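Notes for the one structure printed next.
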Amino acid sequence: MKFKEWIEHLQQNHLPNLRQYITTNPPWMTGAAASILSVVMLQVGMWQPLEYVGYRTLFQIRESGLLPNPGWDSRIAVIAIEPRSLQAYGQFPWSRNRYAELLKALKKSSPTAIGFDILFLDPSPKDDILARAIADSGNVVLARTSKEAPVPSLQAAAAGVGHIVHKPDSDGMSRESKIFLHSMPNFGLVMTQRYNAANPQNPVPLPQPTDWPPQNAWINWPGETELLPTYAFVDVVEGRIPPEDLKDKLVLVGLVATGFDRISSPLDRTTAGVYLYAALVDNLLNQRLMKRLPKLLEIILLLGIGPLVSLLLCDRGVKSRIGIALGLPLVWIASAAVLFGFHFWWLPIAAPIGTLILSGTALQLREQYEKQQLMRLFEKHVAPETAQLIWERKAEIFEQGELEPQELTATVLFMDIRSFTSISEKMRPRDLLDWLNTYLEAMTECIMDRGGVVDKYIGDAIMAVFGVPFCHTEYQEIQQDALNAVEACIAMHERLHKLNEQLRIERKPLIKFGIGLHTGQLVAGSVGGSRRLNYSVIGDAVNVAARLEAMNKEIVSDSPFNLLVTGRTFAYVRDRYEGQKVGAIQLRGKKEETVVYAILGEK
């Protein structure tokens with residue numbers, strides 16, 4: 001694997017630029033760019049539809065029993081104008097004396113407050129009857145719009161008036177209601193104030209008109225509306241409901257029949273508007289309105305997620321990245337669910353997870369770009385395998401200027417041209433170089449096409465390795481490296497035959513070579529000093545292969561390939577190739593001789 005000039009070239013010309021690029025554009029900046037994009041999407045409302053889905057999902061998880069479910073407060077009840085009541089009393093709207101009958105019937109129960117989620121805006125002949133009934137009850141709350149109040153006589157008799165203005169979100173769901181609208185209190189707030197008036201010894205804290213900024217009430221729906229005690233208007237008026245069922249209750253009266261005042265909640269696709277105020281009263285009584293992050297904090301959160309995710313994912317393998325990419329959203333969703341279930345926080349889900357995905361994608365694109373740039377930089381200096389190794393271990397290069405050594409088992413190839421010295425004496429230097437490069441290019445293609453990596457050219461000699469730069473440890477992998485090496489040698493012989501035919505036509509010297517192969521332990525790493533490095537392999541296996549290549553000049557065999565291998569290499573390839581034992585060599589430092597085989601061809 002010939003780095004040749006690449007480390008020096010890298011350090012002198014390109015490494016400063018790459019270091020500057022990485023220093024001036026660290027990975028966290030990619031995440032920061034993704035965060036800024038996410039904040040822009042937040043500001044223009046692109047995350048909102050997904051946040052609405054998250055909101056609904058949190059309620060559904062709680063309703064399933066996986067999280068604590070507070071349920072409806074037992075102090076609240078609804079008196080519904082539903083189909084049976086409409087059938088009994090006729091088409092809506094009703095004469096106002098009908099509501100006076102309801103108030104008269106409720107006196108037996110002595111509810112804490114009675115709230116009419118019904119607008120009495122226009123005068124009618126029966127207003128006096130209703131006004132007297134309201135005054136007699138002393139605890140009636142009426143509804144109004146943002147611009148219109150109830151009939152003056154009714155408003156004067158009432159214990160309070162609250163607005164019933166609310167706007168569903170873009171998906172049609174009712175999630176919030178304004179506590180104060182131009183200093184007018186919400187209908188649900190006035191009902192809860194009546195509770196405090198009836199319980200001065202134990203009042204609940206309530207929002208005040210002086211609170212700033214004006215508060216939006218995010219509704220924490222206690223459960224499905226069918227679970228809230230609801231009584232038919234006609235049953236209450238005609239005395240079919242036991243008085244104790246409504247004793248000391250906060251009673252809300254409203255239209256529940258299909259086609260009137262319909263809203264949507266996270267637990268009910270369609271329900272009546274009166275239940276929105278019942279939910280608000282429930283929340284105020286128990287201090288469990290939903291809490292949301294201020295917009296500024298949400299922006300800060302998104303701006304922090306991108307850089308953090310980029311730093312976490314940077315320089316990690318595929319498995320680690322997949323684990324983080326799956327784990328972080330799950331952790332965030334679990335945290336949001338716990339805070340929702342126990343502390344009534346509605347944390348954003350879509351925007352943080354979306355920012356995480358944007359950051360991971362941006363980092364992947366950045367790394368892909370860096371990889372392409374790095375590969376382009378070295379594609380003319382090193383083998384593709386080495387370029388891949390450089391990419392995978394780029395942190396070592398950028399931080400240390402070299403690659404850490406690694407031990408591996410590989411097959412080493414040495415080959416050189418016979419009688420090169422005498423040939424070079426007869427050729428002009430320029431012609432010699434062209435002749436040699438033609439040969440080296442042909443041999444290199446045969447090596448690289450079969451997975452080999454050229455380590456270096458030593459004059460007319462070639463040193464190549466099969467099994468680098470990625471460490472092979474399994475027997476089948478090491479065997480395949482040896483088979484690839486022998487196959488490359490046979491291919492080089494066939495290629496040389498064609499090359500010599502061309503050289504003969506051009507009247508140039510013909511070429512003969514000898515090859516030695518050995519499979520053994522090596523150490524691969526950066527060799528040299530601070531000013532010049534070469535990535536190479538060293539070890540006993542290299543020396544053995546070099547000795548075998550030299551033996552081609554001395555040993556005569558029936559092999560047509562001038563290819564000698566050690567007994568260890570032959571053991572890996574003997575199932576596919578014929579071999580002939582031709583001798584043995586005594587290597588320095590080894591007690592046993594190394595048996596040498598000549599490869600005769602494929603079986």
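Any read-out appearing in this document is the output of simple, stated calculations on the displayed coordinates, not a laboratory observation. All figures in this text were calculated on a predicted structure; none of them were measured in a lab. Cβ sites come from the backbone with ideal geometry, for glycine too, and all protein chains shown count toward neighbours.
Numbers at a glance
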| read-out | value |
| --- | --- |
| Length-normalised contact order of the chain in % [C-alpha pairs under 8 Å, at least 6 apart] | 16 |
| Within the chain, helix-based [θ] at 222 nm, where runs of 4 or more DSSP H residues each add -39,500 (n - 2.57), nearest 500 | -14500 deg cm²/dmol |
| P(r) tail fraction, the range 76-287 - alpha-carbon pairs more than 28 Å apart, % | 22 |
| Mean separation of Cα contacts under 8 Å, 6 or more apart, over the residue count of the range 76-287: relative contact order % | 33 |
| The chain: antiparallel DSSP beta bridges as a percent of all, rounded to 5 | 65 |
| Whichever aspartates and glutamates have a C-alpha closer than 19 Å to that of Lys603, once near sequence neighbours (fewer than 8 apart) are set aside | Asp481, Glu487, Glu494, Asp558, Asp575, Glu578 |
| Sorted by Cβ neighbour density within 10 Å, fewest at the top, the residues Thr145, Thr30, Thr569 | Thr145, Thr30, Thr569 |
| The chain: DSSP helices with Cα axial extent of at least 20 Å and average Kyte-Doolittle hydropathy no lower than -1.0 | 27-43, 48-63, 295-313, 318-343, 350-378, 429-448, 475-505 |
| Percent of Cα pairs exceeding the 43 Å cut-off, where the set is the chain | 52 |
| Quotient of C-alpha Rg and 2.2 N^0.38 Å, computed over the range 405-602 | 1.02 |
| Residue exposure sequence - Ser74, Ser124 - by fewest surrounding Cβ within 10 Å | Ser74, Ser124 |
| Out-of-range pairs (alpha-carbon distance over 18 Å; input Lys553/Lys591; Lys147/Lys295; Lys426/Lys512; Lys426/Lys508; Lys456/Lys508) | Lys553/Lys591; Lys147/Lys295; Lys456/Lys508 |
| Per-pair calculated FRET efficiency, R0 = 60 Å: Leu510 and Met29 via Cβ, rounded to 0.05 | 0.50 |
| Cα-Cα P(r), the range 128-211, percent of pairs per 5 Å interval | 3, 14, 20, 21, 19, 13, 7, 3, 0 |
| Estimated dipole of the chain in Debye, rounded to 20 [Cβ of Lys and Arg +1, of Asp and Glu -1, Cα centre] | 640 |
| Relative contact order [Cα under 8 Å, 6+ residues apart], the range 445-603, whole percent | 18 |
| Per-residue Cβ neighbour rank within 10 angstrom, fewest leading, Cys489, Cys314, Cys471, Cys446 | Cys471, Cys314, Cys446, Cys489 |
| FRET efficiency, 1/(1 + (r/R0)^6) with R0 35 Å, evaluated for Arg316 and Met448 via beta carbons | 0.70 |
| Residues with amide H under 5 Å from that of Gly514, placed H, sequence gap 5 or more | Asp416, Arg418 |
| Distant-in-sequence amide H partners of Lys291 (H built 1.01 Å from N, under 5 Å) | Trp345, Trp346 |
| The range 427-463 and the range 100-150: distance between their alpha carbon centers, rounded to Å | 102 |
| Net charge dipole size for the range 405-602 [Lys, Arg +1 and Asp, Glu -1 on Cβ; Debye, nearest 20] | 680 |
| Two-site FRET efficiency, Tyr89 against Glu244, from Cβ-Cβ distance with R₀ of 22 Å, rounded to 0.05 | 0.30 |
| Cα-based Rg of the range 124-175 normalised by 2.2 N^0.38 Å, two decimals | 1.44 |
